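These notes concern the structure reproduced below.
The values are calculated or read from the model by the stated rules, or taken from the named source; none is laboratory data. These numbers come from a predicted model, not from an experiment. Note that each Cβ is placed from the backbone with ideal geometry, even for glycine, and that neighbours are counted across all protein chains shown. Just the protein is used for accessible areas: all its heavy atoms, side chains included, with ligands, DNA and RNA removed. Shrake-Rupley method; radii C 1.70, N 1.55, O 1.52, S 1.80 Å.
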Amino acid sequence: MRSYGQFATVYDLLMEEMPYADWLGFARECWSRYGNMPATVVDLGCGTGSIAIPLARSGFDVYGLDLSSDMLTVARSKWDETAQTVTRPRQGTIRWLQQDMREWGLQEPVDTVISFCDCLNYLTEEADIEAAFRATYNGLRNGGSFLFDVHPPKQLIRYAQEQPFVLDEREVAYIWTCELEQERCEIEHHLTIFARDKDSKFYRFEESHIQRAYDPDWIEGALRRAGFRTVERFADFELKPASRESERLFFAALK
């Protein structure tokens, strides 16, 4: 697993169309479903804070954890800018922490842990997934919830079948290709990125990211082995059962 470097500077430009509001809506639906509206939230793999910041703005006390110092630098800058424009009577807090999701920990347990935008697919060994689940179980209070999404195996196969992908925007462009290792269902994404700098000149850099998809039944079993007493499985941002065509699987686990 690698941390994001230069990629952090263009991450938000590339992710402008991502459904952050849908992830937030899914979390709130789950908290309502389980009757455990949290006060404290860990955003595991928080990236540039596009989910952590709106949570804090709406009153939650958030810990944004990420392995990449570059991503956290961008997140802190966004939070500092956002905090100056807040008009709500109460704003929550954010603490940005550089930690590995496989062995993260805080001084006090929290009410809920979220990990969205297929963060867990970046853990490419079963032992890493199980370590992240154990760390999360240990970091939750009794009755707390763990909410996350992953790409199922079929989605990585779709990527391999449908690549290459091309983006051509005013400030950033890329050529994105994929190579799939079918036996492990592990995919390597290769991106050649062209981004405009402050002098309006384009610079080019290369990025490679590896993800692995796991059998959903194995994921559920790993959650239960970590100690979670209730595990439910949903799909595509809704509290509905998954189907063969589901692009994202969502898990909700209670301690």
Among (1) in contact (Cβ under 8 Å) with a residue 12 or more places away in the chain; (2) within 27 Å of L24 (Cα to Cα); (3) charged (D, E, K, R), where does D217 come up short?
(1)
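To keep it simple, each residue is scored yes or no on (1) part of a strand (DSSP E or B); (2) open to solvent by 70 Å² or more (accessible area, probe 1.4 Å).
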site: E206; (1), (2): yes, yes
site: H209; (1), (2): yes, no
site: R224; (1), (2): no, yes
site: F234; (1), (2): yes, no
site: P241; (1), (2): no, yes
site: F251; (1), (2): yes, no
From the residues in the range 82-103 that are at pLDDT 95 or above and in contact with a Ser or Thr (Cβ under 8 Å, 6 or more places away or on another chain), which one is least open to solvent (accessible area, probe 1.4 Å)?
M101
Residues of the range 155-187 being among the hydrophobic types (A, V, I, L, M, F, W, C) and surrounded by 14 or more Cβ atoms within 10 Å (Cβ to Cβ), which ones?
L156, I157, A160, L167, V172, A173, I175, W176, C178, L180, C185, I187
Touching a Phe, Trp or Tyr at 6+ places or on another chain (Cβ under 6 Å), in a loop (DSSP other than H, G, I, E, B) and not small (G, A, S) - does that describe any residue in the range 177-187?
no
Hits in the range 114-154 - residues which are of a type in the set (D, E) and open to solvent by less than 40 Å² (accessible area, probe 1.4 Å)
D118, D128, D149
If you go through the range 119-135 one residue at a time, do you hit one that is in a strand (DSSP E or B) and modelled with pLDDT of 95 or more?
no
The listed residue being over 23 Å from F7 (Cα atoms) and over 21 Å from the mean Cα position of the chain (by Cα), out of E179, E183, E206:
E183
Please name all residue pairs, on different chains or six or more residues apart, with Cβ atoms under 6 Å, provided the first residue is in the range 142-160 and is in contact (Cβ under 8 Å) with a residue 40 or more places away in the chain and in a helix (DSSP H, G or I) and the second residue is acidic (D, E) and open to solvent by 40 Å² or more (accessible area, probe 1.4 Å).
Q155/E247
Output the residues belonging to the range 104-159 that are within 19 Å of D61 (Cβ to Cβ) and under 13 Å from the mean Cα position of the chain (by Cα).
V113, I114, S115, F116, F146, L147
Please list, ordered by first then second residue, the pairs with beta carbon atoms under 6 Å, 6 or more apart or interchain, first in the range 51-63 and at positive phi, second open to solvent by 20 Å² or more (accessible area, probe 1.4 Å) and not in a helix (DSSP H, G or I).
G59/R90
Does any residue in the range 166-187 that is more than 22 Å from N121 (Cα to Cα) come within less than 6 Å, Cβ to Cβ, of a residue that is open to solvent by 50 Å² or more (accessible area, probe 1.4 Å) six or more places away or on a different chain, and which pairs are these?
V166/I175; E171/L13; E171/R196; V172/L13; A173/F194
